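Enquirer: Before anything else, here's the structure in question.
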Amino acid sequence: MKLDSIDRAIIAELSANARISNLALADKVRLTPGPCLRRVQRLEAEGIILGYSADIHPAVMNRGFEVTVDVTLSNFDRSTVDNFESSVAQHDEVLELHRLFGSPDYFVRIGVADLEAYEQFLSNHIQTVPGIAKISSRFAMKVVKPARPQV
């Protein structure tokens, strides 16, 4: 779908504040409420707007310690790949799991309470998955620029 400047303005406003009222949104994008609501509904129906969510402080959910893990598999056959992906993706601590081109084979973002919880999670749930050749973990010293929605 081709987006015009008003669609982009609506998306930018909703990305900044998904709880904005339709009346306030319409005012910000210089539409009347009816056409604004119809545009939002169209963006939702066409799959441009995928949903709305609340950003929860990770520490409240015992996810304040985030670790980036690179995983290289020893074998990249279908059964090893499927087993690794299903075994790792099932855990709530796994915030993201990406299969990559090149090396490493996977990027995993894990959120746990602290370093001890990470060591336990790694030992009990990642290192036990068959077919892993190498695991490399890193964690941030400081968040310089947090992730933001792409607008």
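No lab work stands behind these numbers, since they all come straight from the coordinates. Just so it is clear, the structure is predicted and the values come from calculations on it, not from any experiment. For neighbour counting, all protein chains shown are included, and Cβ atoms are generated from backbone atoms with ideal geometry for every residue, glycine included.
Enquirer: If you add up the charges near HIS125, with Lys and Arg at +1 and Asp and Glu at -1, over every other residue whose beta carbon is less than 12 angstrom from its beta carbon, what do you get?
Expert: After counting each charged neighbour, the total is -3.
Enquirer: Volume per residue, Å³, of the convex hull around the alpha-carbon atoms of region 58-138? Walk me through the numbers on the way to the answer.
Expert: Values: hull volume 6.2 nm³, N = 81.
Measuring per residue, one finds 76 Å³ for the Cα hull of region 58-138.
Enquirer: Let me ask you something else. Compute the long axis of helix 78-89 from its Cα atoms, compare it with the longest principal axis of the Cα atoms of the chain, and write down the angle in degrees, 0 to 90, nearest 10.
Expert: Its long axis makes an angle of about 70 degrees.
Enquirer: Explain nothing, just the number: relative contact order of the chain, from Cα pairs under 8 Å at least 6 residues apart, as a whole percent. Kindly include the intermediate steps, with their values, before the conclusion.
Expert: Values: 161 pairs, mean separation 39.7, N = 151.
Reported as a whole number, the value is 26 percent.
Enquirer: Can you give me the Kirkwood hydrodynamic radius for region 18-107, using every pair of distinct Cα atoms, in Å to one decimal?
Expert: Averaging 1/r across every pair of different Cα atoms and inverting gives 17.2 Å.
Enquirer: If you take all C-alpha pairs in region 5-45, what percent of them are over 16 Å apart?
Expert: Result: 17 percent of Cα pairs exceed 16 Å.
Enquirer: Given DSSP loops and a limit of at most 11 other Cβ atoms within 10 Å, what is the longest stretch of the chain that contains no such trypsin sites (Lys or Arg not before Pro)?
Expert: Here the longest segment lacking exposed loop sites spans 31-141.
Enquirer: If the cut-off is a Cα-Cα distance under 20 Å, which aspartates and glutamates reach LYS142, setting aside same-chain residues fewer than 8 apart in sequence?
Expert: Result set, ordered by chain and number: ASP55, GLU66, ASP70, GLU96, ASP114, GLU116.
Enquirer: Ok, one more. Return the loop-located chymotrypsin sites (Phe, Trp or Tyr not before Pro) in region 94-151 (DSSP other than H, G, I, E, B) with at most 16 other Cβ atoms within 10 Å of their own Cβ; answer none if there are none. Provide the component values of the computation, followed by the final result.
Expert: Values: sites: PHE101, TYR106, PHE107, TYR118, PHE121, PHE139; in loops: PHE101, PHE139.
Passing sites in region 94-151 are PHE101, PHE139.
Enquirer: Then there is this: Let me check against my output: what whole-number percent is the relative contact order of region 58-138, with C-alpha pairs under 8 Å and at least 6 apart?
Expert: For region 58-138, the relative contact order is 49 percent.
Enquirer: Report the dimensions of the chain along its three principal axes from the alpha-carbon atoms, largest first, rounded to Å.
Expert: 58, 34, 24
Enquirer: Could you work out how far helix 5-16 tilts from the main Cα principal axis of the chain, as a 0 to 90 degree angle to the nearest 10?
Expert: The angle comes out at about 50 degrees.
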